[in-house]
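Trainee: Quick one: structure below, then a few questions.
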Amino acid sequence: MFENILNQISTFPPIWIYITILLFAFVENVFPPSPSDIVLVIGGTLVGAGDLSFIITLIFATLGSITGFMLMFYIGSTVDKKLIHSGRFKYIPVNSINVVETWFRKYGYFVIIANRFLPGTRAVISFFAGISNLDPKKTFSLCFISALVWNIIMLYLGFMFGNNVEAIDSYLTTYSNIVIVATIAIILLLVIRFMFRKRKTAV
């Protein structure tokens, strides 16, 4: 399957491949899930084949990542927090929102610099970073560093192991699933801990 995709993409003009990579990187931060990582690996394979420039591919991918992240950050920063905390949205537990916000204000910048290494949670991270009123300039800088490092790694994987794209996709999927499960477990533990402390204080 990936061999067919490579053959088809390699026939496109380079500028359209760069734009495709940018769009996938952008969309992943706004409407997850998106196969942006494997698309970037395929881009690295095309770099190895001489069809694309490493630097230009990296620029487009990083631009897409940052733009998507900062859009969700902006949306989070402009959300009516009173409405969220009102409890009107039954599918959004207020206690969970409080826990995540508190946690983000304390550790948010560390999470942002690690956000590209946390597939499946990137849109959530940027949104809560905005809700938690983290500093936009610092958020942008850390987001840029995180996106740059991750994109270099993905391009390098495609460049070095382009003949095994399916294996890379399998490893990335496994990695993504582990990260998502671990993230959910951590959030649940934080919520339970928060509720336990609240109940203990009330007593």
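Trainee: Consider only pairs whose beta carbons are under 8 Å apart and that are at least six residues apart or on different chains; among these, list those whose first residue lies in the range 134-147 and is surrounded by 14 or more Cβ atoms within 10 Å (Cβ to Cβ) and whose second residue is not in a helix (DSSP H, G or I).
Mentor: S146/A114
Trainee: I'd like the full set of residues that are open to solvent by 40 Å² or more (accessible area, probe 1.4 Å) and touching a Pro at 6+ places or on another chain (Cβ under 9 Å), limited to the range 108-124.
Mentor: Matches in the range 108-124: G120, V124.
Trainee: Among the residues that make up the range 45-59, is at least one of them in contact with a Leu (Cβ under 8 Å, 6 or more places away or on another chain), modelled with pLDDT of 80 or more and farther than 21 Å from T11 by Cα?
Mentor: No, that holds for no residue.
Trainee: Follow-up question, since we're still on this one. Give the residues of the range 100-124 that are of a type in the set (S, T, N, Q), at pLDDT below 75 and under 24 Å from A25 (Cα atoms), sorted by residue number.
Mentor: T121
Trainee: Moving on. Can you tell me which residue within the range 13-44, out of those that are under 24 Å from L118 (Cβ atoms) and of a type in the set (V, I, T), is surrounded by the most Cβ atoms within 10 Å (Cβ to Cβ)? So that I can check it myself, show each step before the final result.
Mentor: Of the range 13-44, the ones under 24 Å from L118 (Cβ atoms) are 20-44.
Okay, now just the ones that are also of a type in the set (V, I, T), so 20-21, 27, 30, 38-39, 41-42.
Details: T20: 17, I21: 28, V27: 17, V30: 17, I38: 21, V39: 21, V41: 25, I42: 26.
Once the filter is applied, the top-ranked residue is I21.
Trainee: Quick check: is even one residue across the range 76-99 modelled with pLDDT of 75 or more, open to solvent by less than 20 Å² (accessible area, probe 1.4 Å) and under 26 Å from L155 (Cβ atoms)?
Mentor: Within the range 76-99, none of the residues are modelled with pLDDT of 75 or more, open to solvent by less than 20 Å² (accessible area, probe 1.4 Å) and under 26 Å from L155 (Cβ atoms).
Trainee: Residue check: is T174 modelled with pLDDT of 65 or more and loosely packed, with under 15 Cβ neighbours inside 10 Å?
Mentor: When the stated conditions are applied, T174 passes them.
The values are calculated or read from the model by the stated rules, or taken from the named source; none is laboratory data. Everything numeric here is computed off the predicted structure, so don't read it as measured data. All Cβ positions, even for glycine, are placed from backbone atoms using ideal geometry, and neighbour counts span all protein chains on display. These accessible areas exclude ligands, DNA and RNA; they are computed on the full protein's heavy atoms, side chains included. Shrake-Rupley method; radii C 1.70, N 1.55, O 1.52, S 1.80 Å.
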